[in-house]
Structures are given as C-alpha cells and as structure tokens.
Amino acid sequence: MIRTCFTLAFHAYALGALAYLAVLAQGWKGMAWVARGLTAAGWLLHGIGLVLVLSAQRWVPSGFGQVVSLLSFLLVAVFLAVDLRARAALLGAFLSPAAVAVLVPSLRMDVPGPELTEGLRQPLLPVHIGVALAGLAVFGVATAVAGVYLVAERMVKGKRFGPFFKRVPSLELLDDLNRRLVTWGFIALSLTLLTGAWVQSRLRPEARWGPAELAVVVAWIAFGVLLQARIFAGWRGRRVALLTMAGFGVLVVSFVTRYGPWVAR
Amino acid sequence: MSPPLVVVGLSHHTAPLDVRERLLLPDDRQTELLEALAQAPSEALLISTCNRVELYVVGPGTDLHERTRTALTGAAGNDLAPYLYSHQGDAAVLHLFRVAASLDSMVLGEPQILGQVKDAFEQAQRLGAARGELARICAAAFGSAKRVRTETDVGRAATSMASAAVEMARHIFDGLDGKTVLLVGAGEMADLAGKHLVSAGAAKVLVANRTLERAETLAASLRGQAVPFEQLEESLILADVVVCTTASPRPIITREKVARVLKPRKHRPLFLVDLAVPRDVEPEVQTLDGVYAFDVDDIQKVIAENQAARAAAAGRAEVVVAEEVARYIRQRAVREQVPVLAQLRARAEQIRRAELERAIANLPAPLTADQAKVIEAMTAAIVNKMLHQPTAKLRAVQAGESELAEAAAELFGLDVTARKAEG
C-alpha cells in the first residue's frame with residue numbers, strides 16, 4: 001500500500017511535470033490545470049504514503065529516503081500554494097521536475113525506516129525536522145522564483161520578447177513572491193535553529209555545533225540581513241534574487257551535510 | 001501612363017534609429033528643400049516623422065528620381081545613401097496611400113501617421129509646393145486612409161506606440177493600479193500615452209513640460225498634475241512609469257540623474273519609455289539595476305510580436321488601399337483623356353465647318369435658312385455619330401489603358417506634346 005502510494009505519486013508528479021513543461025513550451029492555459037490536477041493528485045497520494053510511514057515512527061523520518069520524500073512533499077505543497085495564489089504555472093516547469101528528481105531516492109527507501117534509538121525519541125524532534133524541511137522547501141521555491149525573475153529580467157533588459165517572455169509573470173509579482181517566501185522561510189529557519197538548539201541540548205549537551213549547524217546560522221544571518229535590507233533600504237529585484245539563491249545554496253550544503261546518505265547515523 | 005511622381009526616403013524598415021535621428025531636418029532646412037524642389041511645374045512634399053523621412057516630388061524630366069535623391073542626400077549627408085529607398089510612378093502613389101493608411105507604420109494601424117502626413121501636406125501647401133497633381137494624390141490618399149479606418153479592423157485592432165508601452169509595463173509591474181506616471185513632454189504622443197496608462201489603471205499622472213501652460217492643459221485633460229520642468233528629478237522619485245516625448249535635441253534623462261534618484265526611490269522599479277526622436281533618455285540608463293528603458297526601436301520589437309495577429313485585418317486594408325489607388329489612377333486617366341477628346345472634337349468640328357463652307361460656296365444658288373439648318377444638322381450628326389464610339393471609349397478608359405489616348409492622338413493627328421503639357 002505504502003509503496004503503491006509512492007509509486008503512483010511519482011508517476012502523477014512526472015506526468016504533471018510533463019504537462020507543466022508543455023505549458024512552458026506552448027502556453028496552453030488549459031494544460032496548466034491538467035498539470036495542477038496531476039500534481040495535486042500526486043501530492044495527496046504522496047501525503048497518504050508519508051502519513052502511513054511516519055505515523056508508525058513517531059512522526060520522525062528515518063533515513064535519507066524518508067527525509068527527501070518529506071522534503072519533496074513539502075516542496076510540492078509550497079509550490080502548489082504559490083501557483084494557485086499567483087497563477088504562476090511557469091514555475092511548475094522548473095519545480096515539478098525538481099520535485100520528481102528529489103523523490104527518486106525515496107522510491108527505494110526502507111519501509112519502515114531504521115529503528116530510532118531511545119535517545120532520539122524527543123517530542124520536539126519531529127517539529128525540528130518538519131520546520132527545517134519546510135524552510136528548505138520554501139527557500140527552494142523562492143530560489144526557483146528568483147531564477148525565473150533573473151531570466152525574465154534578462155529578457156526585459158535584453159529586449160527579447162519571444163513567446164516564452166509572454167508567459168513569464170511580471171517582475172513585480174516575482175519579486176513580491178520572493179519577498180513573501182523569504183519571509184516565511186526565515187521564520188521557518190528561525191524555528192529550526194530554536195528547536196534544533198533545544199533538541200541538541202537534550203540529546204548531546206556536550207557536543208559543539210558542526211558545519212551543518214554553522215551553515216544554517218550563516219544562512220539565517222544572511223536572510224535576516226536580506227529582509228532588513230528589503231524593509232529599510234528597499235532592496236529588491238536582481239540583487240535580492242541572487243542573494244536568495246546564494247542563501248539557498250548554503251542551506252542545501254547544510255542539508256546534505258546533515259542528511260546525506262553517506263552520513264553515519 | 002503613370003504620373004511623374006517619385007518618392008525617396010528612409011524609414012524604420014531600412015534605417016536604425018541613430019540614422020533616422022540624423023535625417024530629422026529642422027524646419028528651416030525643410031522649407032529650403034521644398035522650395036528648391038517645388039519650382040513650377042514641379043511639386044514637393046516632405047514627410048518627416050520619428051520613423052520615416054520621405055520626399056515626394058512630382059515634376060517633368062527623366063532625371064526626376066536622381067534629382068530628388070540628390071536633394072535629400074545633399075540635405076542630410078551622402079552616407080545615408082545605403083539606407084534610402086525609392087519608388088516611381090504608380091508604385092510611389094501606392095506607397096503614399098499605404099503610409100497614410102498606416103500600413104507601412106512601425107505599429108500597424110497606429111493613428112498618428114495620418115495626422116503627420118496631413119501636417120506635411122499643409123506645410124507643402126503653405127509653401128506653394130503642393131498645388132496640382134500632388135495635392136490630388138494627397139487628397140485621394142487621405143480618403144483612402146479614412147476608408148481603411150472605417151471599413152477595416154486595422155485601426156481598431158492596432159497597437160499604438162502608447163499601448164505597446166502599456167503592454168510592456170505589464171511585464172514589469174503586476175498591473176498599473178496605484179502606479180504614478182510621469183509624462184515628459186505635452187504633445188499628442190504624450191496625450192495618447194497618458195490616456196492609455198490611465199485607462200490601464202494608473203492612479204496618478206504628472207506632466208512635465210518646458211512650457212508649463214501646455215503641461216497644465218494636458219494634466220487637466222488627464223486629471224493629473226503639472227510639475228515644473230525644473231523639478232524633473234523630484235518627479236522621477238515619485239514616478240513608476242516615465243514616458244518621454246519631447247523634441248529635445250539631447251537626452252533629458254541621463255544615467256547620472258536616474259542614479260541619483262534610485263536611493264530616494266527605495267529602488268522601486270522604474271520603467272522609462274522613450275518615444276522621442278532624438279532620444280530623451282540616455283541609453284546607458286538601462287545599465288542601472290531596476291531601471292528598464294525602452295526607446296522607439298525597442299517598442300517596435302514589442303509590437304512586431306503583435307503584428308501577426310493583425311495580419312488578417314491588414315490584408316483587408318491592403319485591398320481597400322489597392323481599390324483606392326486604382327480609383328485614383330482611373331480618375332487621373334480620365335483627366336488625362338479630356339484634352340484628347342477636346343482636341344478630337346475641335347478638329348472634327350473644324351473639318352466639318354471647313355467642308356460645309358466649301359460645299360455651300362460651290363452651290364449654284366444660296367440655300368434658304370431652313371435648308372442651311374438641315375445641312376448643318378446633318379453634318380453635325382455625321383460627326384457626332386462618327387465620334388460617338390471613340391468618345392465613349394476614351395471617357396470610360398480604365399487604369400492601365402491610357403495608351404488609348406496616345407493611339408487616338410496618333411490616329412487623328414493631334415498635338416500630343418501640348419496634351420502632355422496640359423496633363
């Protein structure tokens with residue numbers, strides 16, 4: 001049942017990604033709704049599979065496969081919310097394939113995952129992992145938005161007005177989406193640090209912060225400065241898009257350092 | 001036989017903006033050019049807009065084309081020669097009709113060009129440079145343009161420079177609601193752009209012009225606010241969209257000026273639309289972060305994307321123009337036949353009278369008044385019946401059949417040279 005849910009979700013995402021790519025290539029508005037429908041169906045199946053897996057593990061994902069599966073689920077959730085709110089189907093052409101790619105390792109995950117040690121059974125651990133992955137997903141979508149912004153701005157500045165240009169949302173909308181996503185991502189990142197510090201103090205009070213934790217702190221400071229600059233100095237546009245991508249890069253490094261399949265648990 | 005009409009010029013089809021900028025002649029040079037070329041019996045018309053400069057000349061001589069070309073390059077420089085195109089005869093007539101009907105415009109169907117051609121015609125009339133055939137061609141071209149506008153969708157569906165600018169603004173802003181527009185210049189183009197932007201949702205319109213009264217008039221019509229030209233920099237801080245349409249010979253909005261206002265603007269995006277030729281906005285402005293500057297050539301790229309959608313309407317408009325050109329040529333041909341007919345009838349009447357008088361003189365006894373009347377009527381009837389078919393044919397002459405008049409002149413031994421001079 002669980003594997004069936006994940007396999008069906010994977011196929012629905014893959015078909016949704018193809019539909020989103022068709023929207024990008026041909027600009028078919030009707031196809032955008034097909035893409036959303038397929039992606040939403042995949043997301044529901046994915047959610048059912050995750051509930052079945054995580055409910056048996058005290059809601060703590062175990063192993064790299066489960067972590068990336070949850071990340072992929074959150075990424076699609078954030079993207080669908082953004083697409084439905086801003087009608088930015090074009091983003092799907094970039095994010096859906098990314099979600100499919102992220103989901104691939106989880107297709108071979110262990111179900112159930114490795115048994116959690118007694119020490120890891122901390123009540124705040126699922127919250128910490130959840131907000132950390134949600135933050136990563138939000139910043140992932142923000143990075144895709146930033147990427148589309150940079151491409152769109154390049155087309156505007158370079159005066160290249162092809163069919164693709166007509167399908168790109170306005171620069172102002174993309175910049176505003178970036179602002180909202182970075183704000184929510186920063187909140188998630190703050191909660192990640194707080195809950196992470198608490199969990200670590202309970203699990204390994206003697207341990208010092210490693211590169212993964214330091215990378216998150218660096219990203220948190222960078223995004224904090226970015227938000228301040230947005231609010232008080234009016235930073236926006238290209239500069240903010242580039243910083244968002246850089247911040248996300250730091251978070252990815254932290255994620256891979258912390259959860260990579262090569263990391264000993 | 002085509003009229004001796006020649007057009008030499010360049011337009012957005014053949015010359016980039018910097019070349020077109022150089023050919024924009026000041027008023028006194030335009031007057032000199034027209035006066036030099038419109039010495040009787042020649043006529044001349046100069047259409048000079050930001051997208052085209054065309055010199056139309058009607059006159060005698062086989063070297064008319066060369067003279068026109070030399071006059072234009074003489075006024076603007078020999079290095080322009082590679083960008084020049086020319087048409088002669090009916091091809092030149094068709095070109096003028098298409099220009100007036102906005103079928104040759106950068107924005108297909110844009111309404112300004114007809115006004116600009118009319119202005120050029122009025123200028124030529126004022127100088128006495130358009131008085132005969134050229135005036136008739138222009139009148140027919142205006143009628144044709146009016147028909148195109150009323151009978152086809154090309155005018156209604158057309159995207160003007162102003163509406164193309166609005167379309168571009170929508171790629172930068174998520175709608176124009178609540179945005180502030182600054183119009184620099186207060187002419188017809190500024191008026192059109194302002195109306196488009198207001199109808200697209202712009203909340204506030206500022207108008208800056210060197211003549212404050214004109215700014216106030218335009219601002220009043222757009223329910224906006226006139227600002228002194230000296231406060232342009234302060235206005236740039238407030239504006240989201242800036243449309244420049246002045247006739248300034250050098251840029252008004254420089255990179256330095258825009259760079260200074262970026263911080264007080266809190267880096268809000270600034271969309272600059274430069275519809276002026278020569279340009280009002282320094283091209284280097286584009287290098288600033290968050291500043292998007294478009295000149296007329298850039299707007300052309302935007303609207304080129306829309307042109308295909310209007311191809312159907314343009315096709316119908318081309319048919320209308322072709323019909324109107326054919327009608328003009330027909331009317332011209334009729335005008336050209338009138339002297340032949342008159343000469344033919346005069347010659348016949350002359351022969352009839354001479355022969356009648358000779359015959360009466362040879363009679364042994366003078367005719368009574370009644371007899372003279374009968375003979376007179378009979379000879380007149382013979383002449384009329386003989387000339388009926390040629391007259392009908394010459395009157396109903398169609399476009400492209402003006403050879404008939406030549407043949408008639410040849411057959412009846414008429415003075416062709418005199419006829420041509422009259423035409």
key: FRET efficiency, 1/(1 + (r/R0)^6) with R0 30 Å, evaluated for A:LEU214 and A:ASP176 via beta carbons   = 0.45
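On average, how much area does the Cα convex hull of chain A cover when viewed from any direction, in nm²?
Spelled out: convex hull of the Cα atoms, projected over all directions, averaged, 14.1 nm².
Assuming a ≥ b ≥ c are the square roots of the Cα gyration tensor eigenvalues, decide whether region B:5-158 counts as rounded (a/c under 1.5), prolate (otherwise, with a/b larger than b/c) or oblate.
Numbers: a/c = 1.72, a/b = 1.25, b/c = 1.37.
Here region B:5-158 falls in the oblate category.
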remark   = Membrane-span-like helices (DSSP H runs, Cα span along own axis at least 15 Å, mean Kyte-Doolittle at least 1.0) in chain A -> A:2-26, A:29-54, A:64-86, A:89-103, A:125-158, A:211-228, A:238-259
message = Checking the cross-link filter: which lysines have an alpha carbon closer than 26 Å to that of A:LYS159, excluding same-chain neighbours under 8 positions apart?
response = A:LYS29, B:LYS179, B:LYS195, B:LYS257, B:LYS263, B:LYS266, B:LYS301
Region B:232-252-region B:342-361 distance, computed between alpha-carbon centres (Å) = 77
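Rank the residues A:HIS11, B:HIS87 as a footprinting-exposure proxy: fewest other Cβ atoms within 10 Å of their Cβ go first.
A:HIS11, B:HIS87
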query = For the protein assembly as shown, what's the radius of gyration and Dmax over Cα atoms, in angstrom?
reply = 38.7, 155
ask   = So for the pair A:SER55, A:ALA25, with labels modelled 7 Å out along Cα→Cβ, what separation do we get in nm?
value = 4.0
query = Tell me, in nm to one decimal, what length is gained between B:VAL334 and B:GLU213 on full extension, where the rule is 0.36 nm per residue of separation less the Cα-Cα distance?
reply = 38.4 nm
task = Calculate, in nm to one decimal, what B:ASP153 and B:ALA365 gain on full extension: separation in residues at 0.36 nm each, minus their alpha carbon distance.
result = 68.6 nm
query = Can you list the lysines whose alpha carbon sits under 19 Å from that of B:LYS146, skipping same-chain ones fewer than 8 residues off?
reply = B:LYS118
request  = For region B:200-303, just say rounded, prolate or oblate: build the C-alpha gyration tensor, square-root its eigenvalues into a ≥ b ≥ c, call rounded for a/c under 1.5, and beyond that prolate if a/b exceeds b/c, oblate if not.
outcome  = rounded
query = Working from the pairwise distances between different alpha carbons, so that the mean of 1/r is found and then inverted, what is chain B's Kirkwood radius in Å?
reply = 25.0
note = Residue ranges of DSSP H helices in chain B that stretch 24 Å or more (Cα, own long axis) and have mean Kyte-Doolittle hydropathy of at least -0.5 are B:133-151, B:311-362, B:369-395
message = Just to verify a number: FRET efficiency for A:ARG87 and A:LEU150, C-beta to C-beta distance, R0 = 25 Å, to 0.05?
response = 0.75
ask   = Which residue, B:LEU367, B:LEU94, B:LEU222, tops the fluctuation ranking in a GNM of chain B built on C-alpha contacts under 10 Å?
value = B:LEU367
Spacing of the two label points (7 Å from each Cα toward its C-beta) at B:PHE412 and B:SER221, in nm = 5.5
key: With at most 12 neighbouring Cβ atoms within 10 Å, loop trypsin sites (Lys or Arg not before Pro) (DSSP) excluded, longest segment of chain B   = B:224-423
query = Between B:HIS388 and B:ARG131, what length in nm is gained on full extension when 0.36 nm per residue of separation is reduced by their alpha carbon distance?
reply = 89.1 nm
remark   = Ranked on Cβ counts within 10 Å of their own Cβ, fewest leading, B:THR211, B:THR217 go B:THR211, B:THR217
message = How far apart, in nanometres, would the label points at B:ALA139 and A:ARG239 be if each is projected 7 angstrom from Cα along the Cα-to-Cβ direction?
response = 6.4
query = At a Förster radius of 30 Å, what calculated FRET efficiency corresponds to the Cβ-Cβ distance of B:GLU403 and B:GLU35, to the nearest 0.05?
reply = 0.25
message = Going by Cα centres, region B:2-45 and region A:23-57 are how many Å apart?
response = 64
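Any read-out appearing in this document is the output of simple, stated calculations on the displayed coordinates, not a laboratory observation. From a predicted model like this one, the values you see are computed outputs, not experimental measurements. When we count neighbours, we look across all protein chains shown, and the Cβ atoms used for this are built from the backbone with ideal geometry, even at glycine.
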